[in-house]
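Some notes on the structure that comes next.
The values are calculated or read from the model by the stated rules, or taken from the named source; none is laboratory data. Everything numeric in this text was worked out from a predicted model, so none of it was measured. Neighbour counts run over all protein chains shown; Cβ positions are idealised from the backbone, glycine included. For accessibility, only protein heavy atoms count, side chains too; no ligands or nucleic acids. Shrake-Rupley method; radii C 1.70, N 1.55, O 1.52, S 1.80 Å.
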Amino acid sequence: MIDKFIIDNRHISNVTDPYLLPCAHVMQLNYTDRCSFISSHLECGRNVHYMDYLKFIFCTVGATNMHDYIGGFFIVCIMCVYLFITLGTTADKFFCPALAVISKMLGLSENLGGVTLLAFGNGSPDIFTSLLNTHGDTELMYTQLIGGAAFVTGFVIGIIMIMRPFKLEWKTYVRDVLFFTFAAIYIHASIHDQLYEIYEGFLTVGIYIIYLSVVIIEHFVYKRKLKQLKESSNRSSTESTDKDVQNKVEELELITEIQIRNRRDSSVILTEEITTAFKREFGEDPNEGLFQKFFKAINPVDKTDWKKAGYLGKFFMIIKAPILFLLTLIIPIVDYGEELHGWSKLLNMLNIIILPQMVLLSIHQFTFMIFGYVPLAVLVFIVSIAIDIAVYKTSRNDCPPKYHVAFAVGSFAGSILVIYNVAKEVVSVMTTVGIISDLTDSMVGLSILAWGNSVGDVFANIALAKQGYQQMAFAACFGGPMFNSLLGIGLTFIIKGIRSDNNLAHTREGAMGPNCILFLVLILLFTLFALLCTDFVCRRSIGYFCIAMYVIFLLYCLLGEFEVMHPYGTDHGMT
């Protein structure tokens, strides 16, 4: 029989309604009672995405004793590792190359691409999810967003610096730090009285709009200056003037234009190298070697990499081979660092059919939608076949077509789809860990959910840094959290305020909310001070410093969680 309890922070007392029990109460029951509790308690299924991990541990595996419980939990941990491998593979093989190609096509700099394309791509699904759950607990949402921002600006930035030290563009960095610091302080000031008025919500969203406008305007100012310098260089007559102008032109080109890099060694690929594939001699048969190239393209194990890899590397290649094989069938590859930019006529035609169907399956509202008497999936399939026929007639197997860049858009969208769904599954796993560990909502939000919801940003940013796009990854570490925090909090509270009678959104930042804001600001300002001392050279030592700051933040919160010390901002006056 399940006892009747209610939770008050971390303490449970007797009540009359068993449905007021937190899901974490399952750990206080006998092993034989846990399955029935999990199955009947609605809160336990709140964060299920594809698989119910609590039911798997306590029902499917049949955790009737400690050994079964540990075995089931171990299997879940192995599945989580496989999810991480999927995220890393998707970001490295598909997402980052496509992002670079699209940024080049749109004329974006690494900084602008990081705070727009990368931030929007990683953050939009989470924003939509939070807007669909405006009735949820604001304490969990708040600590999750601010805790995630501290994680990305501390831990992830530290990893990027350690992995590939580089010279930072200081003007853009200072701009991002000051904007984010002001935004964090403003959010805390608005939410601290536990009331969020509608105008405060609009101001929160407005801060992000102003930030984005400044970034875009600054980019176009640099572009205009670059154009003027090039025109001046063409008119100048002295050699010394030409040299000075040329140096300034090269400096501005590094700021305003993304440099396409080889995915294997991060060397810059020149523009003429990018177009080499379009200048070759063609054979008579446009489909020569069609199946041979197809089977080569879907092979998940590269022969060159296999020969170079050690035993551990070969084991890892075998582990990720099934994932890479499935992803290659779903997502088109557009990578200027690969042979023919990753073009395989037959494989790309297959991508055109499979990717839209996967999108429909992933978006539940579209899965069974019917137009007239015809399912949407059938209509999409017919359109895909028509596009395939057009691609077959207008392209060759030995050269990527001129519209190959359109496949980069599909690759970007498909990668975002995979990263979002896998990241949500990681959140589901980590929520299970939070329930089993019996942590408060604040602690779960700033740690487990913050890590889970940031895992897509982590793998995308680290993959970009590995491929030589440190500026883009660094910019995304500010643009992404600002996008999530300002729009997530602002839009959510605007909707909650509109739905209320007095246009006020009642909010809770929780015991750990002030901790999150305090340490986020400290991480931002201390990192700025450290970089000032190195003339904005991102050294490994500063990376270790950033990670240490985040670890101190977590340690401080854990000590507050287990009541070893008082969390910052809580009132503990003498009585």
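Highest mean first, what order results for 83-89, 385-391 on Cβ atoms within 10 Å? If you can, show how the numbers build up before the last one.
On the way: 83-89: 19.7, 385-391: 13.3.
In descending order of packing, they fall as 83-89, 385-391.
Taking the simple approach of a point 7 Å from Cα along Cα-to-Cβ for both residue 388 and residue 288, what is their distance in nm?
The two pseudo-label positions are separated by 2.6 nm.
Rounded to the nearest 0.05, what FRET efficiency is calculated for residue 64 and residue 500 with R0 set to 35 Å and r the Cβ-Cβ distance? Write out the running numbers ahead of the final one.
Working: r = 47 Å, r/R0 = 1.36.
For residue 64 and residue 500, the calculated efficiency is 0.15.
Accessible area, 1.4 Å probe, largest first: how do 92, 285 sort?
Details: 92 40, 285 75 Å².
Most to least solvent-accessible, the answer reads 285, 92.
Using θ = phi - 60° and the Karplus form 6.51 cos²θ - 1.76 cosθ + 1.60, what ³J(HN,Hα) does each residue of segment 506-511 get, whole Hz, x for Gly and Pro?
Coupling constants for segment 506-511: 7, 10, 9, 8, x, 5 Hz.
Would you rank 404, 49 by solvent-accessible area, highest first, keeping every protein chain in place and using a 1.4 Å probe? Can you show the working numbers first?
Numbers: 404 5, 49 50 Å².
Descending order: 49, 404.
Taking H placed 1.01 Å from N in the peptide plane, check which residues at least 5 places from residue 288 or on another chain put their amide H under 5 Å from its amide H.
397
What part of the accessible area of segment 292-331, given as a whole %, is carbon or sulfur when the probe is 1.4 angstrom? Present the calculation step by step, with values, prior to reporting the outcome.
Values: 1920 of 2780 Å².
The computed percentage sits at 69.
What ranking, highest mean first, results for peptides 100-108, 189-197, 343-351 when packing means the other Cβ atoms within 10 Å averaged over each residue? All intermediate terms of the calculation are to be shown ahead of the outcome.
Working: 100-108: 19.8, 189-197: 16.2, 343-351: 21.8.
Final packing ranking: 343-351, 100-108, 189-197.
How would you order 373-380, 155-162, 316-323, 394-401 from highest to lowest mean count of nearby Cβ atoms within 10 Å? Intermediate values should be presented prior to the final figure.
On the way: 373-380: 13.0, 155-162: 23.5, 316-323: 14.9, 394-401: 18.0.
Ranked by mean Cβ neighbours within 10 Å, highest first: 155-162, 394-401, 316-323, 373-380.
May I ask you to give the solvent-accessible area per residue for segment 481-555, in square angstrom, as obtained with a 1.4 angstrom probe?
Values: 3070 Å² over 75 residues.
The answer is 41 Å² per residue.
For the pair residue 231/residue 189, report the inter-label distance in nm, with labels modelled 7 Å from Cα in the Cβ direction.
My value for the distance between the label points is 4.3 nm.
When the Cα centres of segment 153-182 and segment 398-417 are compared, how far apart do they sit, in Å?
30 Å
Excluding residue 349 itself, calculate the net charge of residues whose Cβ lies under 14 Å from the Cβ of residue 349, where each Lys or Arg counts +1 and each Asp or Glu counts -1. Walk me through the numbers before you get to the answer.
Numbers: positive: 293, 345, 393, 396; negative: 388.
Once all neighbours under 14 Å are counted, the net charge is +3.
Tell me, which cysteines of the chain are without a disulfide-compatible partner by the Cβ under 4.7 Å rule?
77, 80, 96, 399, 477, 516, 533, 538, 546, 557
What ³J(HN,Hα) values, in whole Hz, does the Karplus curve 6.51 cos²θ - 1.76 cosθ + 1.60 give for segment 201-211 when θ = phi - 60°, with x put for Gly and Pro?
x, 5, 5, 4, 5, x, 4, 5, 4, 5, 4
As a test of reading the structure, rank 457, 244 by solvent-accessible area (1.4 Å probe, protein chains only), most first.
On the way: 457 15, 244 90 Å².
Of 457, 244, the descending order of accessible area is 244, 457.
Based on the Cα atoms of the chain, what semi-axes does the equivalent ellipsoid have, where each is the square root of 5 times one gyration tensor eigenvalue, given in whole Å with the largest first? Intermediate results must be reported in sequence, preceding the final value.
On the way: eigenvalues 363, 213, 102 Å².
Value: 43, 33, 23 Å, ordered largest first.
Net charge near residue 309, counting Lys/Arg +1 and Asp/Glu -1 over other residues with Cβ under 13 Å of its Cβ?
Values: positive: 303, 307, 308, 314, 320; negative: 302, 305.
That works out to +3.
How high is the FRET efficiency from residue 82 to residue 308, r the C-beta distance, R0 22 Å, rounded to 0.05? Present the calculation step by step, with values, prior to reporting the outcome.
Working: r = 24 Å, r/R0 = 1.10.
Efficiency at R0 = 22 Å is approximately 0.35.
If you plug each phi of segment 179-188 into the Karplus form 6.51 cos²θ - 1.76 cosθ + 1.60 with θ = phi - 60°, what whole-Hz ³J(HN,Hα) values come out, in order, with x for Gly and Pro?
These are the phi-based 3J(HN,Hα) values: 4, 5, 4, 4, 4, 5, 5, 5, 4, 5 Hz.
Leaving out ligands, DNA and RNA, and with a 1.4 Å probe, what % of the accessible surface on segment 443-561 is carbon or sulfur?
On the way: 2640 of 3810 Å².
Ligands and nucleic acids excluded, carbon and sulfur reach 69 percent.
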